[in-house]
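Written out below as structure tokens is the structure these notes cover.
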Amino acid sequence: MGREDRVEFLQPTSWADALAVKAERPEALPIAGGTDVMVELNFDVRRPAALLDLTRVPELAEWSRDEGWVRLGAGVSYTRLIDELAGPLPGLAVAARTVGSPQIRNRGTVGGNLGAASPAGDCHPPLLATGAVIEVASVRGRRTIPADGFYTGVKRNALEPDELIAAVLIPAAAGPQQFSKIGTRNAMVIAVASFAVALDPGRKTVGTGIGSAAPTPRRAVAAEAFLAGALDEAGLWESRGDLPEGVVTEFGALAAAAASPVDDVRGTAAYRRHGLAVMARRTLTWAWHSYQGEADRGEVG
Ligand SMILES: Cc1cc2nc3c(=O)[nH]c(=O)nc-3n(C[C@H](O)[C@H](O)[C@H](O)COP(=O)(O)OP(=O)(O)OC[C@H]3O[C@@H](n4cnc5c(N)ncnc54)[C@H](O)[C@@H]3O)c2cc1C
């Protein structure tokens, strides 16, 4: 191996040091669980001059709760998210359960999913649907970016070269949340398309997120506005009555219309649009049933 082939391995042990290293060596590629990075290195897709290992930075592996928000450190694994945070973050937990295999969920992180910013990443739809905010930092300071503005292109995000993802701030669920993904098999599968929905009956709002059906993950804004309006007009937030079939169908149609899918090896654009309409109808129906079920079980506040 020639000198030019060597990869330097930088291993800070505190957040301050990690930011200092990134400022000094902006070309260093961060590595957390390595479940994306190592695949790229193995296939020679990337040949970074340096890797910036974040696994020894204790601050990244922490989460906390404060005034209705969960602050999820970028280095918290999917397994811990599922075990420790499924209560306040049900939509993200459903998505996390569909990621890879137990081995991938033990290593992989939400921060890594955001760093990779693949349109097919499973965290993105629930982060969009819940109005999550990404906390990023550099030696210059800290800033927050709404998930809605974080994805800037295919596998591109809003990070500056000297910035790292510190955490994701996610509102604790105020109502039912759901996620669905279609792929070519049931497990260990990259989404052909995915959809998340989050209902907030207190605020009478609806959130959505679409994955793998546009250059970036995105919300279905018209579907959100339509459903919130239809539920309000019919007094359904209060009555928890059955959803009219026409409302469910229109929600599905608007969700599908919000996508800009392409034909590729995993599926056709037409299949993705069809799948999105089906997933939007299903996730809404599941979420609504659980909202109705809360009333039946006397869990209404
Ligand atoms: C077999 C297999 C199955 C998979 N299945 C799925 C799946 O079902 N769904 C899915 O969404 N993904 C899947 N993936 C992809 C991968 O597991 C996820 O994207 C995971 O979330 C990546 O997390 P990580 O910690 O391993 O990231 P890493 O590989 O360490 O990093 C990923 C990217 O994020 C950057 N990064 C990491 N941490 C930070 C940080 N704090 N600040 C700035 N940049 C950072 C890295 O530089 C890199 O660009 C799979 C991968 C494999 C190998």
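The values are calculated or read from the model by the stated rules, or taken from the named source; none is laboratory data. These figures come from a predicted structure and were not determined experimentally. When we count neighbours, we look across all protein chains shown, and the Cβ atoms used for this are built from the backbone with ideal geometry, even at glycine. These accessible areas exclude ligands, DNA and RNA; they are computed on the full protein's heavy atoms, side chains included. Shrake-Rupley method; radii C 1.70, N 1.55, O 1.52, S 1.80 Å.
Of all residues in region 165-222 being within 13 Å of the ligand (Cβ to nearest atom) and surrounded by fewer than 20 Cβ atoms within 10 Å (Cβ to Cβ), which is modelled with the highest pLDDT?
GLY183
One line per residue, one yes/no per condition, for (1) open to solvent by 20 Å² or more (accessible area, probe 1.4 Å); (2) within 11 Å of the ligand (Cβ to nearest atom); (3) under 23 Å from ALA259 (Cα atoms):
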residue: LEU127; (1), (2), (3): no, no, yes
residue: THR130; (1), (2), (3): yes, no, yes
residue: ARG143; (1), (2), (3): yes, no, no
residue: THR152; (1), (2), (3): yes, no, yes
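Which of the residues that make up region 1-24 are within 15 Å of LEU159 (Cβ to Cβ) and of a type in the set (Lys, Arg)?
Residue satisfying the conditions is LYS22 alone.
Which number in (1) part of a loop (DSSP other than H, G, I, E, B); (2) under 14 Å from LEU128 (Cβ atoms); (3) β-branched (Val, Ile, Thr) marks the one condition that VAL262 misses?
Unmet condition: (2).
Hey, among VAL70, VAL57, VAL94, VAL7, which residue is among the β-branched types (Val, Ile, Thr) and modelled with pLDDT under 95?
So the residue among VAL70, VAL57, VAL94, VAL7 that is among the β-branched types (Val, Ile, Thr) and modelled with pLDDT under 95 is VAL7.
Just need a number here: residues in region 56-70 that are open to solvent by 80 Å² or more (accessible area, probe 1.4 Å) and touching a strand residue (DSSP E or B) at 6+ places or on another chain (Cβ under 6 Å).
Going through region 56-70 one residue at a time, the tally reaches 3.
If GLU59 satisfies every condition in (1) within 13 Å of the ligand (Cβ to nearest atom); (2) in a loop (DSSP other than H, G, I, E, B); (3) of a type in the set (Asp, Glu) but one, which is the exception?
(2)
Identify the residue in region 1-24 that is within 13 Å of the ligand (Cβ to nearest atom) and not aliphatic (A, V, I, L, M) and, among all such residues, is most open to solvent (accessible area, probe 1.4 Å).
Among them, the one singled out is TRP15.
Does THR152 satisfy being modelled with pLDDT of 95 or more and closer than 13 Å to GLY211 by Cβ?
Spelling it out, it is not the case that THR152 is modelled with pLDDT of 95 or more and closer than 13 Å to GLY211 by Cβ.
Would you please name the residue that is least open to solvent (accessible area, probe 1.4 Å), looking only at residues in region 35-55 that are near the ligand (Cβ under 7 Å from one of its atoms) and outside any loop (DSSP other than H, G, I, E, B)?
Here the residue is VAL37.
Please identify the pairs in which a residue from region 26-51 that is farther than 17 Å from LEU159 by Cα has its Cβ atom under 6 Å from the Cβ atom of a residue that is hydroxyl-bearing (Ser, Thr, Tyr), counting only partners at least 6 apart or on another chain.
GLY33/THR109
Go through region 79-111 residue by residue and tally those that are near the ligand (Cβ under 8 Å from one of its atoms), open to solvent by 20 Å² or more (accessible area, probe 1.4 Å) and within 19 Å of GLY131 (Cα to Cα).
Total meeting the criteria: 0.
Looking at region 25-34, which of its residues are within 12 Å of the ligand (Cβ to nearest atom) and touching a strand residue (DSSP E or B) at 6+ places or on another chain (Cβ under 8 Å)?
The answer is GLU27, ALA28, LEU29, PRO30, ILE31, ALA32, GLY33.
Results for (1) touching a Lys or Arg at 6+ places or on another chain (Cβ under 7 Å); (2) part of a helix (DSSP H, G or I); (3) in contact (Cβ under 8 Å) with a residue 40 or more places away in the chain; (4) open to solvent by less than 70 Å² (accessible area, probe 1.4 Å), shown as yes or no for each residue.
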| residue | (1), (2), (3), (4) |
| --- | --- |
| GLU224 | no, yes, no, yes |
| GLY229 | no, yes, no, yes |
| ASP232 | yes, yes, no, no |
| TRP237 | yes, yes, no, yes |
| GLY246 | no, yes, no, yes |
| ALA255 | no, yes, yes, yes |
| TYR271 | no, yes, yes, no |
| ALA295 | yes, yes, yes, yes |
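If ALA74 meets every condition in (1) of a type in the set (A, V, I, L, M); (2) open to solvent by 40 Å² or more (accessible area, probe 1.4 Å); (3) within 9 Å of the ligand (Cβ to nearest atom) apart from one, which number is that one?
(2)
Scan region 198-209 and give yes if some residue there is out of contact with any Cys (no Cβ under 6 Å at 6 or more places or on another chain) and closer than 17 Å to SER260 by Cβ, otherwise no.
The answer is yes; a qualifying residue exists.
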